[in-house]
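Here, each number is a calculation from the coordinates, and none is a lab measurement. The shown structure was predicted, so the numbers you read here are calculated from the model rather than taken from an experiment. Counting neighbours? That spans all protein chains shown, and the Cβs are built from the backbone with ideal geometry, glycine included.
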Amino acid sequence: MKAKMKFALIGGDMRQAKLAELLADDGHIVSAFAMDKVQSLWGVKRSDTLFDAVSEADCVILPLPLIGREGCLNTPLSEKIHSIEDTLRCLSPKQLICAGRIDSRSAEMAGDFGLEILDYFKREELAVLNAIATAEGAIQLAMTETATTIHRSKILVIGFGRIGKMLAHRLKGLGAYVTVSARSYADFAWIRAYGYESAETLSLEGTLGRYDIVFNTVPARVLGEERLRELSKDCLCMDLASKPGGMDFAAASKLGIKAIWALSLPGEVAPITSGSIIKEAIYNIISEQEALK
């Protein structure tokens, strides 16, 4: 990739803010927009308008996830709401445009503007390293939200994907009694090989009352009201799955269960590391795009 490029960082959380600084540290020209709540952005030009930020940018980096809770651009560091349509309208097909976790509506809208958005969250190198920050953040949060140690706690991890693997490994290292639920025979073999207890995700009924902490990593409803009724009154239930999540939070509230939907943990607990991981993925995308020319 070119030694010096112009990057525009639009919206996002502290991951994107730290990413902007890291890119500037590498000698690139970096502008930022919709980050007005951040007190300092070393080496980064703050732009008053979106058009100014993206003008002549080689690469535009949009948030992870792309869309926030209001259905607009994800801009938790801005005092204002920014629509995805207005954002896309300011971009050029000649620019490399990257975002994380792109929804189908935004991708379709981008196509209408003649734009292609590359999803850096789909990069395996980012997903694996991001899972480390998620696992560590989940354990940090669990330590804060419980009155007991992780050591000797009975913990269930639902799902054995990237996050489930990282989480189970670290929990066992802290001395927890770890059970991992999955659905495939291959996963059951690996779960036993690592020394965890195994369970079938579809057949957890009658077993949930034994756990002190339950972590869910499956983005599908696996913890409905009937299963939540089984949990002990002191059990902490944490959902790490992306939307739509895997827990019935309304039922958990009604039953008096301490339930937390811990979204975007890497941006909260390790923004510098997370920004560095995104930077590596962006650099890889740029190198691959240049190789295609």
Inset, instruction - Consider Val157 carefully, then state whether it is closer than 23 Å to Ile132 by Cβ, surrounded by 19 or more Cβ atoms within 10 Å (Cβ to Cβ) and without any contact (Cβ under 8 Å) to a residue 24 or more places away in the chain. - result: no
Legend entry - Test result for Leu64, over 23 Å from Leu126 (Cα atoms), surrounded by 14 or more Cβ atoms within 10 Å (Cβ to Cβ) and under 24 Å from the mean Cα position of the chain (by Cα): no
Legend entry - Check on Ile102, crowded, with 17+ Cβ neighbours inside 10 Å and either without any contact (Cβ under 8 Å) to a residue 60 or more places away in the chain or closer than 19 Å to Asp52 by Cβ (or both): yes
Legend entry - Sole exception among (1) crowded, with 20+ Cβ neighbours inside 10 Å; (2) farther than 23 Å from Thr144 by Cα for Ile286, by number: (1)
Inset, instruction - Would you check if Lys172 is assigned to a loop (DSSP other than H, G, I, E, B) and over 19 Å from the mean Cα position of the chain (by Cα)? - result: no
Inset, instruction - Kindly list, by first and then second residue, each pair from a residue in the range 1-12 that is surrounded by fewer than 24 Cβ atoms within 10 Å (Cβ to Cβ) to a residue that is in a strand (DSSP E or B), limited to pairs with Cβ atoms under 6 Å and residues at least 6 apart or on different chains. - result: Lys6/Ile29
Legend entry - Of all residues in the range 175-189 being outside any loop (DSSP other than H, G, I, E, B) and more than 25 Å from the chain's Cα centre (by Cα), the one that is nearest to Met143 (Cα to Cα): Tyr177
Legend entry - Residue selected from the range 76-99 under the condition in contact with a Cys (Cβ under 7 Å, 6 or more places away or on another chain) and β-branched (Val, Ile, Thr), by the criterion nearest to Asp112 (Cα to Cα): Ile84
Inset, instruction - Could you grab the pairs with beta carbons closer than 7 Å, sequence gap of 6+ or different chains, first residue in the range 43-70 and in a loop (DSSP other than H, G, I, E, B), second one surrounded by fewer than 16 Cβ atoms within 10 Å (Cβ to Cβ)? - result: Gly43/Asp25; Leu66/Asp103; Glu70/Ile81
